[in-house]
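The block underneath contains the structure these notes are about, expressed in structure tokens.
Computed from the coordinates by the stated procedures, all read-outs in this text should not be read as laboratory data. Since we're looking at a predicted model, the values are computed, not measured. When we count neighbours, we look across all protein chains shown, and the Cβ atoms used for this are built from the backbone with ideal geometry, even at glycine.
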Amino acid sequence: AAMRESRVRRTKTVCTYCGVGCSFDVWTKDRHILKVEPEQGPTNGISTCVKGKFAWDFVNSQDRLTKPLIREGDAFREASWDEALGLVARRLSEIKAQDGPDALAFISSSKCTNEESYLMQKLARAVVGTNNIDNCSRYCQAPATVGLFRTVGYGGDSGSMTDIAKADLVLIVGSNTAESHPVLATRVKRAHKLHGQKLIVADIREHEMARRADVFLRPRPGTDLVWLSAISRYLLDQGLAKTAFLDRWVNGLEAYRASLEPFTLEAAERYCGLAAETLKKVAHMIADAPDVCILWAMGVTQHSMGSDTSTAISNLLLITGNYMRPGTGAYPLRGHNNVQGASDHGAMPNNLPGYQHVDDPEVRARFEAGWGVKLPTTKGLDNHEMVDAIQDGRLKALYIFGEEMSLVDANTNYVQDAFAKLEFFVVQDIFFSETCRFADVVLPAAPSLEKEGTFTSTERRIQRLYQVFDPLPGSRPDWRIIRDVANHLGANWSYEHPSEIMDEVASLTPLFAGVSYGRLEGYNSLQWPVAADGGDQPLLYTEKFAFPDGKARLFPLSWTEPVDQPDEEYDLHLNNGRLLEHFHEGNLTYRVEGIRRNTPDVFVEVSPELAQERGVQSGTRVELISRYGHVRLRALVTDRVHGKQLYMPMNSTESPVNRLIGSHTDAVTNTPAYKEAAVRMRVLPEL
Ligand code: SF4
């Protein structure tokens, strides 16, 4: 046994960081990672970025939780699993008996596996009896999903990542792709540099992709819907829309066209600050390119008009006939490794797995028969509503796993204040996160390298991860913990391996009918929808769109100004996003020595003109103050930002940007409008 343990092993896994879904072999000896070797990943081939290659040391960090913790006053004490699980079950039962099932809520993790999200929503619905279940796609991609549901029917990328290279023109809107989705960006860079692909980038910040672009549009913050719709109107007015495609495949042209009335190029020039001539040029580039795809991310979605702007993107693709062929279509770039899968598997307040609505009696009947219970019938609370419901006393208990909600939700101070009011709070994580500070019970979980399961990447690709290490002694995979909590609450779940969970998903969910671990062996993967015979769909729309009549729908839109605007007191606009080296609040990447050494903390980017006006240099200590909170950090003077716009990486536990963000949200999805923040800047004396 000793010899076997010390043997060098090679195990396939899928990256735990971004939604690109790179897969690779991890070479290990005992608990040491010798190297990460990408070989034959369907998405990444032989590439990874710095995180996939080097950011794994956190699994062996001294900080890993290995014992359940139970709150005693202001402190925590270690407890056995039996005691902790017993306490969780007892308190959840008591609160349910006293205040009803809707006094409890559950938040799943888009870092964890599909099987774990499925079990968490099943725990909420089938065991506790509430639809109060959500996941962090609420914070990022829910608006993109709405935009696609409205227009083409499925909430997923139209094609594969490799298809993007086949486009004649790529338009990137509100995505810092080179840092947020590095391996995907490499494909675009290569196609642009070597194969003559045209690249248009629209962003308020001049990041790497913007510098490479043939045309860089720098609209006023929060106005993307206006210029996108103005281009659509111009193309329709000039007879440049693809009429044959519209006639054959698209409903709703008349009402859509009427809604475009205010969106002239002159209006776009006025609102967006983009020259009408430039927009005309962009319109012609789009009309002339045989195949166009549009990539977008948080710069679009995290706005009070995030859903509508995502819809405007899909509208533009429809009128230019850019769906149904490789190299065309919509590519909302999912953030976390499994943000797509968490929603796919029903961790949403309105949908059972496979986007089947909770208020559809036929759907409920199928799940009720499968699970042997009666299910709640009305939509539950999303995670934004949960915070308000805690604040006003309706929600008493919360169970969250793999999610640093107290830092990544907007308006951090308000969220933390709510957590302090919970009667009972269970947090399940691999580290003692900020969120754990508010917990009553902390359950030690295992990271991706210590479990089996599947992730679904941004291109709807379902891939298996294999267990590289045993869970650190004392910690357990999330699916096992959720199973055990359910059983302590009186369920009788007998899952011994995640493959059994996926078999159950497939039996209840037409979207995944043919998904099985057998079909996902090794580097095999499936892109949903997956038919019962295992046939999948790399290109999402081939013979029809996902509506009953097979036709897509143009969706009429209007526009309103962003909510949190600079004024005299808060005179600067604050934008935020990712750093290449870090991931989100940094609970994983700051625990990787090499990364922490090179990128120890965040900074705020200040334009040269503003820096001169305020007497700020790179390295100057400043305080940013918003209507909601303040943070202190150092300035970095760069022409990536301009005028009175600031930019701050979101990757910090010390100076979290979300202390500065308010509670205003996208009107349709409640996604926080993280990108709409007004602040003022104060220069601080040197320490
Ligand atoms: Fe991981 Fe994304 Fe980097 Fe690929 S691009 S290695 S999925 S972080």
Per 10 Å bin from zero, what fraction in whole % of the C-alpha pairs of the stretch 253-301 is there, up to the bin with the longest pair? 20, 34, 45, 0
Take the Cα pairs of the stretch 642-687, get the Kirkwood Rh, then feed it into Stokes-Einstein at 4 °C and 1.567 mPa s and tell me D in µm²/s. 102 µm²/s
Karplus 3J(HN,Hα) series, Hz, for the stretch 75-87 with 6.51 cos²θ - 1.76 cosθ + 1.60 (x for Gly, Pro): 10, 10, 10, 6, 9, 7, 4, 4, 5, 5, 5, x, 5
Let me check the size of the chain from its C-alpha atoms; what are the radius of gyration and Dmax in Å? 24.3, 75
Ranked Thr264, Thr456, criterion: other C-beta atoms within 10 Å, fewest first: Thr264, Thr456
Can you tally the net charge around Gly594? Count Lys and Arg as +1, Asp and Glu as -1, for every other residue whose Cβ sits under 10 Å from the Cβ of Gly594. -1
Per-residue HN-Hα couplings for the stretch 185-197 [Karplus 6.51, -1.76, 1.60; θ = phi - 60°; Hz; x = Gly/Pro]: 4, 4, 5, 5, 4, 5, 4, 6, 6, 9, 10, x, 5
In the chain, what percentage of the DSSP-assigned beta bridges are antiparallel, given to the nearest 5? 50 percent
In a shell of Cβ-Cβ distance under 11 Å around Cys293, excluding Cys293 itself, what net charge do Lys and Arg (+1) and Asp and Glu (-1) give? -2
Taking amide H positions as placed 1.01 Å from N in the peptide plane, with prolines and chain starts having none, which residues 5 or more places from Val358, or on another chain, fall under 5 Å of its amide H? Asn351, Leu352
Give the shape of the stretch 142-333 as rounded, prolate or oblate, defined through the alpha-carbon gyration tensor: a ≥ b ≥ c are the square roots of its eigenvalues, a/c under 1.5 means rounded, and otherwise the shape is prolate if a/b is larger than b/c and oblate if not. rounded
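Normalised by the residues of the chain, what does the relative contact order come to in percent, with Cα pairs under 8 Å and at least six apart?
It rounds to 20 percent for the chain.
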For Ala185, the net charge from surrounding residues (Cβ-Cβ under 10 Å; K, R +1; D, E -1) works out to +2
Using +1 at the Cβ of each Lys and Arg and -1 at the Cβ of each Asp and Glu in the chain, identify which of Val468, Gly335, Asn135 lies farthest towards the dipole's positive end. Val468
Can you give the calculated 222 nm mean residue ellipticity of the chain, where each DSSP H run of n ≥ 4 adds -39,500 (n - 2.57) and the sum is split over every residue, rounded to the nearest 500 deg cm²/dmol? -8500 deg cm²/dmol
Quick one: 3J(HN,Hα) in Hz for the stretch 339-350, Karplus 6.51/-1.76/1.60 with θ = phi - 60°, rounded, Gly and Pro as x. 5, 5, x, 4, 6, 3, 9, x, 7, 9, x, 10
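For Leu687 and Gln98 in one chain, what is 0.36 nm times their gap in residues minus the Cα-Cα distance, to one decimal in nm?
In short, 206.8 nm is gained.
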Once amide hydrogens are built 1.01 Å from N within the peptide plane, the residues lying 5 or more places from Val604 or on another chain with amide H under 5 Å from its amide H are Arg634, Ala635, Leu636
Final fewest-first order of Leu34, Leu85, Leu526 on the 10 Å Cβ neighbour count is Leu34, Leu85, Leu526
Cut-off under 5 Å, modelled amide H: who pairs with Ala105 long-range: Ala397, Leu398, Tyr399
Neighbour counts of other C-beta atoms within 10 Å: give me His336, His192, His345, His497 arranged from fewest to most. His497, His192, His336, His345
Greater than 25 Å separation of Cα atoms is the criterion. Which listed pairs, Lys12/Lys53; Lys12/Lys193; Lys29/Lys189; Lys111/Lys193; Lys111/Lys198; Lys374/Lys396, meet it? Lys12/Lys193; Lys29/Lys189; Lys111/Lys193; Lys111/Lys198
